[in-house]
Every structure is written in structure tokens, then in C-alpha cells.
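Structure first, then comments.
Read-outs throughout are calculated quantities, based only on the coordinates presented, and are distinct from any laboratory measurement. In this text, all values refer to a predicted model and were calculated from it rather than measured experimentally. A quick note on method: Cβ atoms are made from the backbone with ideal geometry, for glycine too, and the neighbour counts reach across all protein chains shown.
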Amino acid sequence: MSTSLASTAMALASSGALSSRHTVGQSRPSAAALRAAPSRRRLVVSAVAAPFREEEAVAQQADLSAAAVAAAASRGRVVLESADELRSTWVHRAWVGGATALMAGTLATGLAQVDSSGAAVSAGAAALAAYFLADVGTAFYHWGVDNYGDANTPIFGGQIAAFQGHHQRPWTITEREFCNNVHKLFAPATPFAAVLLGSAAAGAPVWWDVWSSTFLFLCCMSQQMHAWSHMKKSELHPAVVALQESGLMISRRDHGAHHKAPFDCKYSIVSGWCTPLLDGDCPENSVWSKLEQYVYQHWGVEPRSWHEPQADWLEEERPGTSA
Ligand SMILES: [Zn+2]
Ligand SMILES: [Zn+2]
């Protein structure tokens, strides 16, 4: 995952898509220095949220006319969501159901081999490790797509635009239906899930079957855990609330701390367990800051979090919430 992000950064650097604006010292630039720096290239992404009430649906659908979309595209903007795009389709459900079945098959194959207390301990440790590493892995991915590239970046452009647009209109994720929200992760995970099931059938160790299937499933589900962390308790199933309040799943409060410009800390979206390790006394001495310095010094690419967010990048007011 980190290799892919590094590749993306290298591609951007070599293409000149992003340019340097200040000298890098031993520490990240100060806020004052950032404010004094010339305005950097702006990532311009526009998201259109789902209608908040039925009567607003008609008005928003009208806004999403072909002419409006074309006009947005002509300004270099990307329209991320329309009302229809928030609903689950049978294709979405097929991706999620198919990939989940493959992962469940791998897990079941592994658990069927548990025939001793030692094997049971191995399986439990593998599941716990997968839970922690899924938090780490998705945090690194979140950091990468928040900070590097834009909607035109090869392969990751859609994910980058979606994550960065999420800062502007964070409520939209809560309005997506389940399979609509998670299929973008389950679909690319399907080939990997198929390979894992094949390795399980070929006699892979119990710990590998449990770890790999659990890790992959949690990475895919991170998008839904993220969505739940944006919802009110009253909107959530009691089991989800219990998991959040027990610290097993990222909570509204913990993820809410990420949604403060310049979005440079608290990237966890599974459990939040890795946040103390990766953030440190963020931002100065965080793992993120060190990685950003490394990327800049080797490829000349600055992270977005080094700059004050542009006006059109700050969180908007949710439609229907004003008095
Ligand atoms: Zn973010
Ligand atoms: Zn969020």
C-alpha cells in the first residue's frame, strides 16, 4: 500500500503536477510561513450531496442536469455524488456479497483446522493482529489520499477526490447506502480474496487463513466504520454504538478530531488503536510528518496538510441544517 502511494508521489513529481514552494528544514514549516507562502496549485473538486428532504430531491436533481455537470467539468471540477449515486445497485451488492463469501470461505477453512488449544490461540492472535494492522493500513492509505495527488491521478484519482471531497461535505458518506458505500473497496479486493481462498484450500496455515481474511475484510469495512463515525448515536444500531463506546471501533469523537484543517492527524478509521503510535505529539513529531519530509526531500512533493486549506476546501454547511 505504501509502495503504491510512493509510486503515486513519484509519478506526480516526475510529471511536475505539484511543485515545491518553500525550503524544507529539519521540521515542518510553521503556520505563519505557510500563510506567507504563495498559493499552491489548488485541487478543485466539487461534491454534490444527496438531498436532505424529499422536496429538495427534485431541486437537486435539477441542479445535476447535464449542462451543470458539463459546466463543472469545464472548470476542472469533479462531481462526485448525485442522489442516484448514493443508492446501492445489484452490481454493488454482487461485489460486496461475492467478496465477503470468498473471505468467509477462507476464514472457515482456517477455523476448521483448529483442533487444539495451541491452534485456537494462534487463530485468536492472528485475528487480533489483523484488527490492529487494518487500523494501521487504512490510516496510511487515508494519509496518502488526503495529502497527495488529485482527481487526475492514475488509478487512485477517484479515491483521492472522494477522500478530499469528504472533508468538504462529510455528511454525504452517511447518506450512502451500505453496498454503495463499501463496494469500491470490496470490488478491487475480490481477486485477492479469491487467491486467499485458493491458498486456504491448498493447505495454508491456520494463522494465515485467519489473519489474511480478517485483515482484508476489515480494510474493506473501514469505509463503513468511517461512515458510522459520522453518524449520531440515534442513527446507529445499538451494537455499533456499543462497539464504538467500548473502543473497539472508531468513534464519532475520535474521528471528528481529524476533521479540523489542515487534516494532518488522526487518520485511523477502523479502531483508532494506532493513533497514539503514529500521531505522537502531532503534527511536529508524528510518523506522518517524518514521511512527508521524506517524500518531499526525495521527490519534491509537498503534502496538502502543509498548507492552509483553500476556501473551497473547508467544510460546508450541510443543506437543511441552517435555521
Ligand atoms: Zn481525511
Ligand atoms: Zn470523515
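Give the relative contact order (percent, whole number) for region 189-263; include only Cα pairs under 8 Å separated by 6+ residues. Present the calculation step by step, with values, prior to reporting the outcome.
Values: 32 pairs, mean separation 19.2, N = 75.
For region 189-263, the relative contact order is 26 percent.
Provide the FRET efficiency to the nearest 0.05 for the Tyr294-Ala112 pair, computing r from the beta carbons and using R0 = 35 Å. Don't jump to the answer; show the numbers that get you there.
Working: r = 44 Å, r/R0 = 1.26.
The pair Tyr294/Ala112 has a calculated efficiency of 0.20.
Would you please put 132-139, 114-121 in order of how densely packed they are, using the mean number of other Cβ atoms within 10 angstrom per residue and starting with the highest? If you can, show how the numbers build up before the last one.
Working: 132-139: 22.1, 114-121: 11.6.
So the peptides 132-139, 114-121, ranked by packing, come out 132-139, 114-121.
What distance in nm lies between label points placed 7 Å from Cα along the C-beta direction at Leu128 and Ile155?
3.4 nm
Exactly which GluC sites (Glu not before Pro) in region 237-296 are in a DSSP loop and have at most 10 other Cβ atoms within 10 Å? All intermediate terms of the calculation are to be shown ahead of the outcome.
Working: sites: Glu245, Glu284, Glu292; in loops: Glu284.
Filter output for region 237-296: Glu284.
Each residue of region 117-127 in order: what ³J(HN,Hα) in whole Hz does its phi give by Karplus 6.51 cos²θ - 1.76 cosθ + 1.60, θ = phi - 60°, with x for Gly and Pro?
Karplus-based 3J(HN,Hα) across region 117-127 equals 5, x, 5, 5, 5, 4, 5, x, 5, 5, 5 Hz.
How far is it, in nm, from the label point at Ala94 to the one at His237 when both lie 7 Å from their Cα along the line to the Cβ?
Computed distance between label sites Ala94 and His237 equals 2.5 nm.
Grab the other residues whose beta carbon is less than 14 angstrom from that of Trp273, score K and R as +1, D and E as -1, and report the net.
On the way: positive: Lys266; negative: Asp135, Asp254, Asp279.
Here the charged neighbours net out to -2.
What's the center-to-center distance, using Cα atoms, between region 162-207 and region 257-303 in Å?
Measuring centre to centre over Cα atoms gives 23 Å.
Among Trp208, Trp95, rank each residue by its count of other Cβ atoms within 10 Å, from fewest to most, as a rough exposure measure. Mind showing how you got there, number by number?
On the way: Trp208 16, Trp95 22.
Going from sparsest to densest Cβ surroundings: Trp208, Trp95.
Go through region 88-101 residue by residue and turn each phi into a ³J(HN,Hα) via Karplus (6.51, -1.76, 1.60, θ = phi - 60°); whole Hz please, and just put x for glycine and proline.
Each residue's phi maps through the Karplus curve to give 7, 10, 5, 5, 4, 5, 5, 4, 5, x, x, 5, 5, 5 Hz.
Convert each backbone phi in region 189-195 into a coupling constant with the Karplus relation 6.51 cos²θ - 1.76 cosθ + 1.60 (shift: θ = phi - 60°), then list the ³J(HN,Hα) values in order as whole Hz, x for Gly and Pro.
Values per residue, Gly and Pro as x: 7, 4, x, 5, 5, 5, 5 Hz.
Based on the alpha-carbon gyration tensor of region 131-226 and its eigenvalue square roots a ≥ b ≥ c, which shape applies: rounded if a/c is under 1.5, prolate if not and a/b is larger than b/c, or oblate? Intermediate values should be presented prior to the final figure.
Details: a/c = 2.17, a/b = 1.99, b/c = 1.09.
Verdict is prolate for region 131-226.
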